[in-house]
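The values are calculated or read from the model by the stated rules, or taken from the named source; none is laboratory data. If you're wondering where the values come from, they're calculated on a predicted model, not measured in any experiment. So basically every Cβ, Gly included, is an ideal-geometry build from the backbone, and we count neighbours across all protein chains shown. For the accessible areas, the whole protein counts, side chains as well, though only heavy atoms, and no ligand, DNA or RNA atoms are used. Shrake-Rupley method; radii C 1.70, N 1.55, O 1.52, S 1.80 Å.
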Amino acid sequence: MATRTTTTGILSEEKSSERAEIIALLTKAYWMEIETVMSYIANSVNPDGVRAQEIIESLQDDVQEELGHAQQFAARIKELYGVVPGSLDFTAEQSYLQPPDHQTDIVHVVKGVIEAETGAIEHYNSIIEVTDGVDFVTQDMVIAILRDEEGHRRLFEGYLREYEAEGRA
Ligand SMILES: [Fe+2]
Ligand SMILES: [Fe+2]
């Protein structure tokens, strides 16, 4: 008896080109999450000063969430018959989250986090659009992740407001 293959949905034979497009988008998302983990680890350790503690604790929590996102993107790549790339394929892009000249420069970190979260929000919105009506499972997963990123951005926008109110940003 021949193996029964799926005839409907994103895993079907005739959807291979759609799958390839989605796998490419998920791979980009995976690398964005991996780089964010690196950047948030560094920025949850480097800052100095009495005002740094809140930022440090937020970023420590976010490291675990972003790592979880990377694992979800990796798992979905495999489910779509893709292969999770090796580290040699990685290219860094987060110039705005490099350590500031002074480790008391918390505004630099806050603005960098907002930029990273905004980039994720834009990319995940585009995945949600591409998968609409094509791959509901990926869409559902990315909607949940998008909510996390919107929460992260909102939290850091609040930090920035405080600095702006004091004329420090
Ligand atoms: Fe994330
Ligand atoms: Fe995030």
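Identify, by number, the condition in (1) assigned to a helix (DSSP H, G or I); (2) surrounded by 16 or more Cβ atoms within 10 Å (Cβ to Cβ) that P100 doesn't meet.
(1) is the only condition that P100 fails.
Quick check, is E35 open to solvent by 70 Å² or more (accessible area, probe 1.4 Å) and either at pLDDT below 95 or within 15 Å of ligand 1 (Cβ to nearest atom) (or both)?
Numbers: open to solvent by 70 Å² or more (accessible area, probe 1.4 Å): no; either at pLDDT below 95 or within 15 Å of ligand 1 (Cβ to nearest atom) (or both): yes.
Considered against the rule, which asks whether it is open to solvent by 70 Å² or more (accessible area, probe 1.4 Å) and either at pLDDT below 95 or within 15 Å of ligand 1 (Cβ to nearest atom) (or both), E35 comes out as no.
Looking at the stretch 128-169, which of its residues are among the small types (G, A, S) and either assigned to a loop (DSSP other than H, G, I, E, B) or in contact with a Pro (Cβ under 9 Å, 6 or more places away or on another chain) (or both)?
The answer is G133, G167, A169.
Could you look through the stretch 64-100, keep only residues that are within 13 Å of ligand 2 (Cβ to nearest atom) and small (G, A, S), and pick out the one that is farthest from I10 (Cα to Cα)?
Looking at the filtered set, the residue picked out is G68.
Taking the stated definitions as given, is E117 open to solvent by less than 90 Å² (accessible area, probe 1.4 Å), within 16 Å of ligand 2 (Cβ to nearest atom) and either among the acidic types (D, E) or within 17 Å of the chain's Cα centre (by Cα) (or both)? Even if it seems obvious, please write down each step before you answer.
Values: open to solvent by less than 90 Å² (accessible area, probe 1.4 Å): yes; within 16 Å of ligand 2 (Cβ to nearest atom): yes; either among the acidic types (D, E) or within 17 Å of the chain's Cα centre (by Cα) (or both): yes.
Here the answer is yes, as E117 does meet what is asked.
For the stretch 64-88: of the residues being among the hydrophobic types (A, V, I, L, M, F, W, C) and without any contact (Cβ under 8 Å) to a residue 24 or more places away in the chain, which is least open to solvent (accessible area, probe 1.4 Å)? I'd like the intermediate steps shown before the answer.
Pass one, the stretch 64-88, residues among the hydrophobic types (A, V, I, L, M, F, W, C): 67, 70, 73-75, 77, 80, 83-84, 88.
So of that shortlist, the ones also without any contact (Cβ under 8 Å) to a residue 24 or more places away in the chain come out as 75, 83, 88.
On the way: A75: 48, V83: 121, L88: 170 Å².
Checking each candidate, the answer is A75.
Could we say that E93 is over 15 Å from E149 (Cβ atoms), touching a residue at least 12 places away in the same chain (Cβ under 8 Å) and within 16 Å of ligand 1 (Cβ to nearest atom) here? Spell out how you get there, then give the answer.
Working: over 15 Å from E149 (Cβ atoms): yes; touching a residue at least 12 places away in the same chain (Cβ under 8 Å): yes; within 16 Å of ligand 1 (Cβ to nearest atom): yes.
When the stated conditions are applied, E93 passes them.
Identify the single condition in (1) at pLDDT 95 or above; (2) of a type outside the set (D, E); (3) on the phi < 0 side of the Ramachandran plot that G133 does not satisfy, given that it satisfies every other one.
G133 satisfies all of (1) at pLDDT 95 or above; (2) of a type outside the set (D, E); (3) on the phi < 0 side of the Ramachandran plot except (3).
To keep it simple, each residue is scored yes or no on (1) outside any loop (DSSP other than H, G, I, E, B); (2) out of contact with any Pro (no Cβ under 6 Å at 6 or more places or on another chain).
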| residue | (1), (2) |
| --- | --- |
| N46 | no, no |
| V50 | no, yes |
| Q53 | yes, yes |
| D61 | yes, yes |
| Q64 | yes, yes |
| Q71 | yes, yes |
| K78 | yes, yes |
| E93 | no, yes |
| S126 | yes, yes |
